[in-house]
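Below is the structure I would like to discuss, written out as structure tokens.
The values are calculated or read from the model by the stated rules, or taken from the named source; none is laboratory data. This one's a predicted model, so the numbers in the text were calculated from it and none came from an experiment. Glycine gets a Cβ as well: all are built from the backbone with ideal geometry, and neighbour counts include every protein chain shown. SASA here: full protein model, heavy atoms, side chains in, ligands and nucleic acids out. Shrake-Rupley method; radii C 1.70, N 1.55, O 1.52, S 1.80 Å.
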Amino acid sequence: MIVQKTVSRSVQTLEHGPFRLREVVHECAVGCRRPDERLVMRRASGSAERLLPGRSVGYDVMDFIGRRRFLDNRQREEIRAELKNDHGIALSTGEISGLARLFLDYVRRLHEACAPRLRRALAQDGGWPMHADATCEDGRGTMLVIIAGWRRWVLGSWKIPTENAEAILACARLMTQRFGEPCAVMRDLGRAMISACDDLVAGLSATIKALGCHSHFLADVGRDLLKPGHDALRDTLRRLKMRGALRTFARDMGRELGGELGTAREGFLDWQQQPESHDLPEGNAGVAVVRGLAQWVFDYAAAEKSRNFPFDRPYLDLYDRGVRARRVVDGWLRTPPEDRRVLRVLRRLGRVLDLLRQEPDLVRVARDLRVRANLFDELRKTLRLSPGAYGRSQPCSKRPMTLLQARAELRNVRAALKRFVASLRKRRPQRGPAQDFREAIDVILDHLKRHGKSLWGHEVRLSAKTGCGVRLVERTNNLCEHFFHAIKHGERRRSGRKNLARDFELLPPESALVQNFNHPDYVAIVCGSLERLPRVFAEMDATERRKRPRQLEADRQEVPVPQPGTETGSLPIIDRRLIRSEDMRRMIDAVIRSRPPRITISGGFGAAATV
């Protein structure tokens with residue numbers, strides 16, 4: 001080997017900070033060439049183990065940026081400031097964005113390269129239950145993920161046009177090829193998801209169960225059961241402008257009290273602490289009590305636990321509070337307060353609440369909705385699901401259960417559901433005026449008829465190789481729901497935006513794979529520890545450089561990656577840029593000018609002329 005050239009350049013790594021690197025490049029003295037006709041060369045320094053190919057930063061810098069961006073959800077300026085202050089590394093925000101995207105590509109390659117080892121770990125567990133779900137924001141940026149339920153690893157993530165069966169099936173089949181056949185499938189009750197999972201199960205060699213999420217089942221029943229009545233009640237209360245009238249009343253009373261509002265609140269507090277007397281106090285304290293009653297009515301949202309329909313019925317709560325407040329006003333008016341000012345304010349609040357009595361059908365709508373709500377709550381208690389975090393229902397028992405307790409819980413829930421169905425059929429009126437009650441029962445029975453078979457079969461029997469025994473699949477698909485909530489929460493923290501439509505459209509699907517680094521068992525398999533991740537990335541590049549081009553291409557085509565189309569009826573960002581450009585308008589005008597329209601003008605007596 002002889003010296004070909006000496007290269008000097010400025011580089012930056014977390015290990016050494018910014019420094020000047022001097023490399024000596026050697027080549028074969030007799031001009032030997034590799035099979036691909038490249039000259040045999042060797043660099044004297046170990047820069048390839050630390051620096052990214054074609055860049056002046058190290059693998060550790062890219063790893064630092066990627067984990068800060070997708071695990072800690074830091075903004076670019078935050079990452080830039082931390083690199084500058086703690087490590088003396090100066091990078092632009094654009095370079096930080098580029099390195100973050102490059103980090104995702106390395107994570108995807110590492111995940112695919114470690115698929116055989118991950119597959120063996122899943123097989124040692126007795127298989128893996130597939131949890132599949134998709135999410136989007138305002139119909140844009142639909143992301144599909146498939147998670148191994150027992151390990152909670154994200155095995156795959158993709159951007160798909162919509163939640164359609166063809167795209168879901170292609171991604172699910174790729175996961176079975178790469179990680180083995182699942183022992184069960186947990187999915188929601190969407191038509192596309194049901195069709196895709198049924199087709200997947202039909203094509204597998206083993207007989208497994210496609211399970212329906214109990215949480216989604218309960219929510220679907222609740223929407224079909226309560227939405228018509230709740231929408232009618234909502235439209236009526238909005239037309240009456242109930243909330244606006246109550247807020248106006250409370251604001252006017254606050255302005256009337258003015259500087260005495262603090263003293264009036266103290267009198268309000270003293271009145272609340274009197275256990276025997278229920279009469280209104282006099283003066284400012286009485287006005288504050290009436291004002292507080294109005295505020296209590298339009299503060300109905302505070303009583304909601306999950307703030308998610310159909311588990312909470314906000315407009316039914318508003319109506320109930322308004323009716324109760326009107327009864328309180330009537331009780332006070334039976335023995336009118338002697339203070340004429342308090343009496344005037346009380347009568348004004350009564351006139352505001354009288355809006356509920358102006359609609360003759362309002363009482364019937366609220367009564368029917370309450371009957372349906374009671375049926376829904378009865379079904380929820382039968383399934384032993386309670387409103388939980390992120391607006392999703394979850395099993396009532398929050399304490400960890402043993403396997404025997406969990407199996408007994410499943411049997412008890414199934415037996416309770418059978419008794420509930422028998423009770424519904426017994427209570428269902430065959431004829432008569434109770435038509436709404438009959439239709440409500442039919443809604444529940446229809447859902448049970450369509451989805452009842454998919455609600456059971458959570459016990460998975462393990463093979464002799466894995467120690468026999470039984471393992472349970474979760475009753476809900478909340479694993480995916482909580483995962484999506486965490487991603488959206490992190491994106492809101494990073495962007496500061498409530499609506500994530502644009503962020504989700506630009507968010508690469510590989511960002512979901514980064515969340516696997518939160519699981520120590522996954523980290524131990526793919527890289528040993530997070531501190532070794534930059535070194536593993538460097539070894540991946542070194543391995544690919546040693547491979548022949550044909551072998552490398554064969555490795556990449558070993559497992560066909562599904563490419564679901566990303567075209568939808570909406571306007572993606574790239575299409576918006578095309579159709580809103582000045583060139584688009586210019587081309588349209590040019591075509592119109594070059595080819596004027598042919599207009600046929602009809603005259604009298606059947607004559608016609610073409611212009």
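In the range 84-159, carbon and sulfur make up what percent of the accessible area (probe 1.4 Å)?
Values: 1180 of 2660 Å².
The value for the range 84-159 is 44 percent carbon and sulfur by accessible area.
Over the range 164-226, what is the relative contact order in percent, taking alpha-carbon pairs closer than 8 angstrom and at least six residues apart?
Details: 56 pairs, mean separation 22.5, N = 63.
Computed over the range 164-226, the figure is 36 percent.
Over the chain, what is the relative contact order in whole percent, taking alpha-carbon pairs under 8 Å and six or more residues apart?
Values: 744 pairs, mean separation 111.4, N = 611.
Computed value for the chain: 18 percent relative contact order.
Looking at the calculated P(r) for the range 44-120, what percent of the C-alpha pair distances fall above 16 Å? Don't skip to the answer; put the middle values down first.
Working: 1563 of 2926 pairs.
Taking all Cα-Cα pairs of the range 44-120, the fraction more than 16 Å apart is 53 percent.
For the chain, what is the mean residue ellipticity at 222 nm derived from helices alone (per DSSP H run of n ≥ 4: -39500 (n - 2.57); sum divided by total residues; nearest 500 deg cm²/dmol)? Intermediate results must be reported in sequence, preceding the final value.
Details: 23 runs with 329 residues, N = 611.
Value at 222 nm, helices only, nearest 500: -17500 deg cm²/dmol.
In nm, give the distance between the simple-model label positions of Glu256 and Ala464, each being 7 Å from the Cα along the Cα-to-Cβ direction.
Distance between the two pseudo-spin positions: 8.6 nm.
Sticking to Cα atoms, compute the Rg of the range 254-380 to one decimal and its Dmax as the biggest Cα-Cα distance, whole number, in Å.
When restricted to the Cα atoms of the range 254-380, Rg and Dmax are 17.0, 52 Å.
Right, something else. Under 24 Å from the Cα of Lys426, which lysines turn up, not counting those fewer than eight places away in the same chain?
Lys381, Lys418, Lys449, Lys453
Next question, about the same structure. Could you give the length gained on full extension between Arg33 and Leu204, defined as 0.36 nm per residue of separation minus the Cα-Cα distance, in nm? Don't skip to the answer; put the middle values down first.
Values: separation 171, 0.36 × 171 = 61.56 nm, distance 4.88 nm.
Once the chain is fully extended between Arg33 and Leu204, it gains 56.7 nm.
With Rg and Dmax of the Cα atoms in Å as the read-out, I listed (1) 26.2, 87; (2) 33.4, 115; (3) 24.3, 68; which label goes with the value calculated from this structure?
Computed from the coordinates, Rg and Dmax of the Cα atoms in Å corresponds to (2).
Can you give me the convex hull volume of the Cα atoms of the range 134-245, divided per residue and expressed in Å³? Spell out each step's value before the answer.
Numbers: hull volume 16.0 nm³, N = 112.
Value for the range 134-245: 143 Å³ per residue.
Please give me the summed charge of the neighbours of Val460: other residues whose Cβ is under 15 Å from its Cβ, Lys and Arg +1, Asp and Glu -1. Walk me through the intermediate numbers first.
Values: positive: Arg151, Lys209, Arg407, Arg461, Lys465, Arg471, Arg475; negative: Asp125, Glu181, Glu459, Glu474.
Summing Lys/Arg as +1 and Asp/Glu as -1 gives +3.
Modelling each spin label as a point 7 Å along the Cα-to-Cβ direction, I'd like the Ala113/Asp436 distance in nm, to one decimal.
Using points 7 Å along Cα→Cβ, the separation is 6.5 nm.
Further question on the same structure: If you take every residue apart from Glu15 with its C-beta less than 12 Å away from the C-beta of Glu15, what net charge results, scoring Lys and Arg +1 and Asp and Glu -1?
Details: positive: Arg50, Arg535; negative: Glu49, Asp60, Asp63, Glu531.
Taking every other residue near Glu15 into account, the sum is -2.
Can I ask one more? Given a 1.4 angstrom probe, I'd like the percentage of the accessible area of the range 402-473 that is carbon and sulfur, rounded to a whole number.
Values: 2390 of 4570 Å².
On the range 402-473, the fraction of accessible area on carbon and sulfur atoms equals 52 percent.
Using a 1.4 angstrom probe, figure out how much accessible area the chain has per residue, in square angstrom, rounded to the nearest whole. Each step should come with its number before you reach the end.
Values: 33350 Å² over 611 residues.
Value for the chain: 55 Å² per residue.
Let me make sure I get this right: for the range 1-158, a, b and c are the square roots of the gyration tensor eigenvalues over alpha carbons, sorted descending. Under 1.5 in a/c it's rounded, otherwise prolate if a/b > b/c, else oblate. Which is it? Show your work: numbers first, answer last.
Numbers: a/c = 2.74, a/b = 1.51, b/c = 1.81.
Oblate, since a/c reaches 1.5 and b/c is not below a/b.
Still on this model: Report ³J(HN,Hα) in whole Hz for each residue of the range 79-94, in order, from the Karplus equation J = 6.51 cos²θ - 1.76 cosθ + 1.60 where θ = phi - 60°; Gly and Pro get x.
So the Karplus estimates, Gly and Pro as x, are 5, 4, 5, 5, 5, 6, 6, 8, 10, x, 9, 9, 9, 7, 5, x Hz.
For the range 66-77, in order, what is each residue's ³J(HN,Hα) by Karplus, 6.51 cos²θ - 1.76 cosθ + 1.60 with θ = phi - 60°, in whole Hz (x at glycine and Pro)?
x, 6, 5, 6, 9, 9, 9, 6, 8, 7, 4, 5
Next up: HN-Hα J couplings of the range 114-123 from phi, Karplus 6.51/-1.76/1.60, θ = phi - 60°, integer Hz, Gly and Pro as x?
8, 4, x, 5, 5, 5, 5, 5, 5, 5
Checking the a/c ratio against 1.5 first, then a/b against b/c, what shape does the Cα gyration tensor give for the range 97-170?
Working: a/c = 2.43, a/b = 1.21, b/c = 2.00.
Oblate shape, in that a/c is at least 1.5 and b/c is the bigger or equal ratio.
Same structure again: At a 10 angstrom cut-off on C-beta neighbours, averaged per residue, how do the peptides 409-420, 514-525 rank from highest to lowest?
Values: 409-420: 14.1, 514-525: 16.2.
Peptide ranking by packing, descending: 514-525, 409-420.
Where the convex hull is taken over the Cα atoms of the range 421-552, what is its projected area averaged over directions, in nm²?
Numbers: hull surface 69.0 nm².
Reported value for the Cα convex hull: 17.3 nm².
Under a crude label model (7 Å from the Cα following the beta-carbon direction), how far is Glu338 from Arg419 in nanometres?
Those two pseudo-labels are separated by 5.9 nm.
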